[in-house]
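Asks: Questions regarding the structure given below will be posed in turn.
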Amino acid sequence: MSIQDIIEGKKQWRTHMARVKALPADYQIVYREIQNYLFKVGPVELTESTDLLSGIVDLFEEGSALKKDVLQVTGKDVAAFCDDLIKDCKTYADTYLETANKEVNKAMKKYSDKIK
C-alpha cells in the first residue's frame, strides 16, 4: 500500500463521514451503532473499502428523504439487520477459525507421524 493509497483512503473516509453527519440525528445514532457493531464483528471487507458502510448511508439517505423513521428502515432489531448485511461476507472470526483449524491439523499430523 502506497502513501497515495493511504491519502486516497482518508479522503474517501472523510467524504463518507460528511455524508453521515448530514443525516438526521436519529439516523446518525443508529449508523454509529451499526458501524461499531460491524467493526466488532469484523467483516474483512471493511478494511478494504467503505462500500458496505456507504451502502448503509445510501439506504439511510433514501429513508430520510422519504421521511421514514430510521427503525422503519432497519427494523427494530438493528443487530439482525447488520447480521443480514454481512451474512455472505468473510469475517475475521472466520479467518481465525481457518487458521486455528490449519494449525491443529498440522500439529496433529506431526504428532501422528512421530508415533508411527
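Asks: Starting from the 7 Å offset along Cα-to-Cβ, what nm value, one decimal, do you get for the label separation of residue 78 and residue 14?
Replies: Inter-label distance under the simple model: 2.7 nm.
Asks: Sticking with the crude label model, points 7 Å out along Cα→Cβ, report the distance from residue 88 to residue 69 in nm, one decimal please.
Replies: Output for this residue pair reads 3.1 nm.
Asks: Of the GluC sites (Glu not before Pro) in region 10-116, which ones lie in a loop per DSSP and count no more than 16 other C-beta atoms within 10 Å? Working shown, then result.
Replies: Working: sites: 33, 45, 48, 61, 62, 98, 103; in loops: 48.
Loop-located and lightly packed - 48.
Asks: What order do you get for 88, 58 when you list them from fewest to most C-beta neighbours inside 10 Å? Can you show the working numbers first?
Replies: Working: 88 7, 58 11.
Fewest-to-most ranking of 88, 58: 88, 58.
Asks: Calculate the dipole size of the chain relative to its Cα centre from +1 charges on Lys and Arg beta carbons and -1 charges on Asp and Glu beta carbons; express the result in debye to the nearest 20.
Replies: Values: 18 positive and 19 negative charges, 122 e Å.
Magnitude of the dipole: close to 580 debye.
Asks: Excluding residues on the same chain fewer than 8 positions from residue 21, give the aspartates and glutamates whose Cα lies under 16 Å from its Cα.
Replies: 33, 58, 61, 62
Asks: Next question. Check which residues have an amide H placed less than 5 Å from residue 91's amide H, if you skip close sequence neighbours.
Replies: Result for residue 91 returns 44.
Asks: Calculated from DSSP H runs of 4 or more alone, at -39500 (n - 2.57) each and per residue, what is the 222 nm mean residue ellipticity of the chain, nearest 500?
Replies: Calculated at 222 nm, the ellipticity per residue is -24500 deg cm²/dmol.
Asks: Give the cross-link partners of residue 40 among the lysines, using a straight C-alpha distance below 16 Å as the criterion and excluding same-chain residues fewer than 8 apart.
Replies: 87, 90
Asks: Going by C-beta contacts inside 10 Å, put 60, 81 in order with the fewest on the left.
Replies: On the way: 60 24, 81 18.
If I rank by nearby Cβ atoms, fewest first, I get 81, 60.
Asks: Output the direction-averaged projected area (hull surface divided by four) of the convex hull of the alpha-carbon atoms of the chain, in nm². Can you show the working numbers first?
Replies: Values: hull surface 39.9 nm².
Average projection, Cα convex hull of the chain: 10.0 nm².
Any read-out appearing in this document is the output of simple, stated calculations on the displayed coordinates, not a laboratory observation. Since the model is a prediction, treat every value here as computed from it, not as a measurement. Note that each Cβ is placed from the backbone with ideal geometry, even for glycine, and that neighbours are counted across all protein chains shown.
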